[in-house]
Amino acid sequence: MTLTSESTTAQPADSRLGLAARDHLMRGYGEPTDGPVSIMTRGEGPYVWDEQGRRYLDAVAGAFVVQVGYGRPDLAATAARQAAELAYFPAMEHAPRPAVELAERLAAAAPGDLNRVFFTCGGSEAVDSAWKLARQYFALTGRTGKHKVISREWSFHGSTYAAVAMGGFALLHQIFEPRGPVSRNVADPYDAEEIRAAIEQEGPESVAAVILEPLPHPSACVVPPAGYFARVREICDQYDVLLISDDIVDSFGRLGHLFGCDRFGFQPDIICCAKGITSGYAPLGATIASDRLLEPFLPEHVMFAHGYTFSGHPVSTSVAMANMDILEQERVYEHVLRKEAVLRNTLEGLRNLPVVNDVQGAGFLFSLELIKDKATQEPFSPEECEQLIDRRLRRELFEAGLHIRCGDHDKPYIHLAPPLICDQPEFDELAEVLRSVLPRLSAWI
């Protein structure tokens, strides 16, 4: 893995703000740049515009976030109305009304007995909160040695210190050693027995949790085989290990269901969600836990030793309620399930390009695997991945009007996760841009 910018610079001319962004704004996973940064000024539907008036199809919904599209007056009005009524109150000794209403709604929709909801400002904090809840649960039940986490290689569970440690990116581990939670990564994303072996090798008495994404996305978006999650659930129960479903990308319609774990029919002990919960109109995440995990806290009124100033923020939770209304009333879940095959078929049409080796995914979350020579299966070198795919290809696609994400984890990929309102015209547009730009890869080598 090479750590490169999450956004592309289109070199806008004479941009004061673009230069100010270069000099003052520290962008997430963003490299320093010599030129100005592209400044985005407005959005509508699946499109965004920069300050020069150029339009871009956002084929990754910002950062897998904008489910119902940009420029929704109803969501903006909800935020303004709540800010005028009660802009802020902490969800600590007392609670703002919208936070309670959203917690009740999520608990009713979550599978099984996942009835306890803790709100965060985003996905990384939701993973951190799940970790701290697991640790305190095991401490209260006399199993203080349980502190390790099993996850997949190349999995990404967030940017906070604990979330980085729980993920599977070796480079991030190296940068932030010594790590917080001790994690062990399994190489095969869909070999449940490898998880069992990892628990055995670490010692079941030391392993607190297994954390998995329903559909992995930092590398290939490969659909899990039938029976995989059922077997993982059996293994976790056998060894008294919690199963955490990282639904941060996969929830709120991305896979055609409210939660990603619903798509594949398994019961976790904790769900972490964020991103599409508000479609990006306000920051919010949630950790949704089983009643069983809260039982040790209740008899003696033990404090959950965790909290955030903005947990359960009334504006964010109000927007989430309105966003969930839109997803249901506009039948967005059904739309994704109905159009999944249409998107897949459109992307499958790119397989005849020499550099497109594979197409994987489900719902509105897909990956294109890129290869240097399809006939010989010669891969791109690490240097070519960094210079040509992470940097030049992303820039060229952006300049052609398409916002995507690239990754060179185990193999180089393009990730596509358009807003859930998209249909055949947008699918054709993104395929047309990819078809026009991807053949240039061979010429750049």
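Derivation of every value follows stated rules applied to the coordinates shown; laboratory data play no part. As the structure is a prediction and not an experimental result, all values here were calculated from the model. Quick reminder, even Gly has a Cβ in these numbers, built from the backbone with ideal geometry, and neighbours come from all protein chains shown.
Observations, loosely collected:
- Lysine pairs meeting the criterion (Cα under 26 Å, 8 or more apart or interchain), as found in the chain: 7
- Inter-centroid distance (Cα atoms) of segment 412-445 relative to segment 226-274, Å: 30
- Judged by the ratio a/c of the largest to the smallest principal axis of the C-alpha gyration tensor, segment 345-445 counts as prolate, that ratio being 1.5 or greater while a/b is larger than b/c.
- In terms of packing, defined here as the mean over residues of other Cβ atoms within 10 angstrom, the peptides 244-254, 330-340 line up highest first as 244-254, 330-340.
- The chain - charge dipole about Cα centre, Lys and Arg +1 at Cβ, Asp and Glu -1, debye rounded to 20: 420
- Net charge contributed by nearby residues that have their C-beta within less than 9 Å of F259 (K/R +1, D/E -1): -2
- Taking the convex hull of Cα positions in the chain, its mean projected area over all directions (nm²): 21.5
- Global form of segment 1-158, assessed from the alpha-carbon gyration tensor, a/c cut-off 1.5: oblate
- Span from the segment 129-185 Cα centroid across to the segment 37-76 one, whole angstrom: 34
- Secondary structure note: in the chain, about 65% of the DSSP beta bridges are antiparallel.
- Working note: Karplus 6.51/-1.76/1.60 with θ = phi - 60° gives segment 374-387 the couplings 5, 5, 9, 6, 6, x, 5, 6, x, 5, 5, 4, 5, 7 Hz, where Gly and Pro are set to x.
- Cα-based shape type of segment 145-256, given that a ≥ b ≥ c are square roots of the gyration tensor eigenvalues and the cut on a/c is 1.5: oblate
- Ranked by the mean number of other Cβ atoms within 10 Å of their residues, highest first, the peptides 197-207, 352-362, 281-291 fall in the order 281-291, 352-362, 197-207.
- Packing-based ranking, highest mean first, of 26-35, 412-421, 82-91, 433-442 given that Cβ atoms within 10 Å are counted: 412-421, 433-442, 82-91, 26-35
- Surrounding net charge for L133, when Lys and Arg each add one and Asp and Glu each subtract one, Cβ distance under 13 Å: 0
- When the convex hull of its Cα atoms is viewed from all sides, segment 73-329 shows a mean projected area of 13.7 nm².
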